[in-house]
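The values are calculated or read from the model by the stated rules, or taken from the named source; none is laboratory data. The structure displayed is predicted, hence computed values, not measured ones. Don't worry about glycine lacking a Cβ; one is built from the backbone with ideal geometry, like all the others, and counts go over all protein chains shown. The protein model used for the area step is the full one, side chains on, heavy atoms only, and it has no ligands, DNA or RNA in it. Shrake-Rupley method; radii C 1.70, N 1.55, O 1.52, S 1.80 Å.
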Amino acid sequence: MRRARTWLPGLLLVTPSIILIGVFVYGMLGWNFRVAMTDQHDAVSEGKFVGLQNFIDIWDQPRWHLSVNHAIVFTVVFVLGALLLGWLLAFLMEKGIRGEGTFRAIYLFPMAISFVATGIVWRWLMNSGTGERAVGLNRLLDWFGLPQWQWFRDQDWGMAAMALPAIWQMSGYVMALFLAGFRGVPEELREAARVDGCTEWGVYRHVVLPLLRPVTLSALIILGHISLKVFDLIVAVSGKQIITDVPAVFMWVAVFDSNDPAKGATIASYIVLSVAIFVIPYLIWSVRKEKRS
């Protein structure tokens, strides 16, 4: 009983959360994978077990290839853009500027807005109207005498433009991560590098940046999993158009428009697996790091 008093209260405290997570997270994931391995291609049939056939057949559909390509382009532009902009903002803030708290709040404010609200605003900013019909960014480009763009309606660069609202929303969060990393580097290490003859850029290159690798990895994981399952931003900006189709939108169309639960579950399974590719290695690395420390 004495031993139980040390661990039983904590177990009772977390047991409801464990049960809820087990049922509504991992239980739902298991149910989704079960549906994905059936031939339930309508809303009424039970569906028979077909194994991995749906996972193979979906690669024969051109729309799936298009949505995957769009997701890759969106992920690359969004992740790199948010990392670079967040790092640059943190670098400038780390140098010390007047009104730092105000600027920090301004940069972080977009995170308080949902992707839906962001998408509605940026849908107007990225309106593809030109000439006298130009509004938003195209009006600004016209005012400066620069070429106007089709933005998310462009066949080649549409998904790159679609990443701009996401970069705007998440770069402040990345800035906060990097700023904490910058402030966590001991000043003694910087001074020692300067004494050894390092320039200011050399201090950042050889001392500060290597110490920011864990922060960079964390930001990469967070941004990567957000981009792979993006849905609300895409729908808020362009709706369910083929030109900006991504796996999450394709999944919605398959389940609710085409009434094909098996196909939708298959797409959802691929999204889960792609997110796991980012998250699981990070968790393994974190556990090993804690053991070494």
- Item | Sulfur and carbon atoms: percent of accessible area, the chain [1.4 Å] | 67 percent
- Exceeding the 32 Å Cα-Cα cut-off - candidates Lys95/Lys240; Lys48/Lys240; Lys263/Lys291: Lys95/Lys240; Lys263/Lys291
- Task: Starting from the exponent 0.38 and prefactor 2.2 Å, build the expected Rg for region 46-118 from its residue count and divide its actual Cα Rg by it.
- Result: 1.88
- Task: Quick one: check the C-alpha center-to-center distance for region 59-103 versus region 147-162, whole angstrom.
- Result: 17 Å
- Go through region 143-154 residue by residue and turn each phi into a ³J(HN,Hα) via Karplus (6.51, -1.76, 1.60, θ = phi - 60°); whole Hz please, and just put x for glycine and proline. 5, 8, x, 9, x, 8, 10, 8, 6, 6, 8, 6
- Item | Highest to lowest packing among 21-33, 159-171, scored as the average C-beta count within 10 Å | 159-171, 21-33
- Note on the structure: If N is the residue count of region 182-293, its Cα Rg over 2.2 N^0.38 Å rounds to 1.63
- Message: Against the empirical 2.2 N^0.38 Å scaling, what ratio does the C-alpha Rg of the chain come to?
- Response: 1.24
- Please give the contour-minus-distance gain from Gln241 to Ile19: 0.36 nm per residue of separation, less the Cα-Cα distance, rounded to one decimal in nm. 76.0 nm
- Task: Work out from phi, with θ = phi - 60° and the Karplus expression 6.51 cos²θ - 1.76 cosθ + 1.60, the ³J(HN,Hα) of each residue of region 106-122, listed in order in whole Hz, and give x for Gly and Pro.
- Result: 5, 5, 8, 4, x, 5, 6, 9, 6, 5, 5, 5, 4, x, 5, 5, 6
- Note on the structure: Given 81-93, 54-66, the highest-first ranking by average Cβ count within 10 Å works out to 81-93, 54-66
- Under 5 Å between amide H atoms, partner at least 5 residues away or on a different chain: which partners does Asp260 have, H built in plane at 1.01 Å? Val255
- Query: Once amide H atoms are built 1.01 Å from N in the peptide plane, which residues 5 or more positions from Thr38, or in another chain, come under 5 Å H to H?
  - Reply: Val50
- Item | Calculated from backbone phi, Karplus (6.51, -1.76, 1.60) coupling profile of region 205-214 in Hz, x at Gly/Pro | 6, 9, 10, 6, 4, x, 6, 8, 4, x
- Query: For region 119-190, what is the Kirkwood hydrodynamic radius in Å, using each pair of distinct C-alpha atoms?
  - Reply: 14.5 Å
- Query: Solvent-accessible area per residue for the chain at a 1.4 Å probe radius, Å²?
  - Reply: 60 Å²
- Item | Probe 1.4 Å, all protein chains present, accessible-area order of Arg288, Arg3, largest first | Arg3, Arg288
- Task: Could you tell me which of rounded, prolate or oblate describes region 1-140, using a ≥ b ≥ c as the square roots of the eigenvalues of the alpha-carbon gyration tensor, with rounded for a/c under 1.5 and, failing that, prolate when a/b is larger than b/c and oblate otherwise?
- Result: oblate
- Task: Note down the magnitude of the dipole of region 62-291 about its Cα centre, charges +1 on Lys and Arg C-beta and -1 on Asp and Glu C-beta and zero elsewhere, to the nearest 20 debye.
- Result: 260 debye
- Rounded to the nearest 20 Debye, what is the dipole magnitude of region 1-67 about its Cα centre when Lys and Arg each give +1 and Asp and Glu each give -1 at the C-beta? 780 debye
- Item | Mean residue ellipticity (222 nm) of the chain, computed from DSSP H runs ≥ 4 via -39,500 (n - 2.57), nearest 500 | -21500 deg cm²/dmol
